[in-house]
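Below: the structure, in structure tokens.
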Amino acid sequence: MKNLMKIAQKNDIPIIDMRMYGNEEAMSHSINGFCMIAIDRRKVKSHADYKVKSAHELGHCITNSFYDEDCPIVPRGRIERRADVWAIRNTIPRRVVVKLLKSGVNELWELAEHFGVTEDFMKTALRYYNLWNGN
């Protein structure tokens, strides 16, 4: 998490706590090159969940990957994928995953715990790195 905060600071991207309504838990927004991230801490389930949300939203800011709900030109899935890939590469280095797997750490929960992320995000990372054979 420290590394993510350093990246946010270096790029002048504030991460604020903001109450969100509906299903929204986190968001990032860019106006005239200034990006900000808001996370509703009341909806965050754990420290790992906060880290994953922060990394994903930071991925939107760093890659300048945003979409407009009213403009279907760039598919939302492509934008979300870019943010996820940035988040994965900056929280779960492939070489470390491979080293852990070779050393016998191969349970999803163990890997997630090692990197301080959720099991769902760990599974996404393993799929991205083509290291996941499960469902």
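The values are calculated or read from the model by the stated rules, or taken from the named source; none is laboratory data. Note that this is a predicted model, so its numbers are computed, not measured. Every residue, glycine among them, receives a Cβ derived from its backbone with ideal geometry; neighbour counts consider all protein chains shown. The area values use the complete protein model at the heavy-atom level, side chains included, leaving out ligands, DNA and RNA. Shrake-Rupley method; radii C 1.70, N 1.55, O 1.52, S 1.80 Å.
DSSP assigns beta bridges within the chain; of those with both partners inside it, close to 65 percent run antiparallel.
Quick one: putting +1 on the C-beta of Lys and Arg, -1 on the C-beta of Asp and Glu, what dipole do you get for the stretch 1-54 around its Cα centre, in Debye to the nearest 20? Write out the running numbers ahead of the final one.
Numbers: 10 positive and 6 negative charges, 51 e Å.
The dipole magnitude comes to about 240 debye.
Any idea what the dipole of the chain comes to, in debye rounded to 20, about its Cα centre with Lys/Arg Cβ at +1 and Asp/Glu Cβ at -1?
Numbers: 21 positive and 17 negative charges, 122 e Å.
Charge dipole, the chain, about its Cα centre: 580 debye, nearest 20.
Can you give me the angle between helix 76-91 and the longest principal axis of the chain, using Cα atoms only, in degrees from 0 to 90, rounded to the nearest 10? Long axis of 76-91 versus the principal axis of the chain: about 50 degrees.
Taking all protein chains as present, what is the carbon and sulfur share of the accessible area of the chain, in % to the nearest whole number, probe 1.4 Å? All intermediate terms of the calculation are to be shown ahead of the outcome.
Values: 4190 of 8560 Å².
Carbon and sulfur together cover 49 percent of it.
Between the amide H of Met18 and those of Ile39, Asp40, Arg41, distances stay under 5 Å, these residues lying 5 or more places away or on another chain, with hydrogens modeled in the peptide plane. Mind running the shape call on the stretch 52-125? Use the C-alpha gyration tensor, a ≥ b ≥ c as the square roots of the eigenvalues: rounded below 1.5 for a/c, prolate if a/b tops b/c, oblate otherwise. Prolate, because a/c is 1.5 or more and a/b exceeds b/c.
Please give the peptides 6-12, 89-95, 106-112 ranked by average Cβ packing (other Cβ atoms within 10 Å per residue), highest first, as a rough proxy for protection.
Working: 6-12: 12.6, 89-95: 16.1, 106-112: 14.3.
Packing order, densest peptide first, comes out as 89-95, 106-112, 6-12.
For the stretch 44-51, 3J(HN,Hα) computed residue by residue from phi via the Karplus equation (6.51, -1.76, 1.60; θ = phi - 60°) reads 6, 7, 6, 5, 4, 5, 5, 4 Hz, glycine and proline entered as x.
Each of Gly104, Met27, Tyr67 was placed along the dipole of the chain (beta-carbon charges, centred on the mean Cα), and the one lying farthest toward the positive end is Gly104.
Taking the three principal axes of the alpha carbon atoms in the chain, the coordinate ranges are 47, 31, 31 Å, sorted in descending order. Report, in listed order, any pair from Lys10/Lys51; Lys45/Lys102; Lys43/Lys102 with a Cα-Cα distance greater than 29 Å. Lys45/Lys102; Lys43/Lys102, as the Cα separations exceed 29 Å there.
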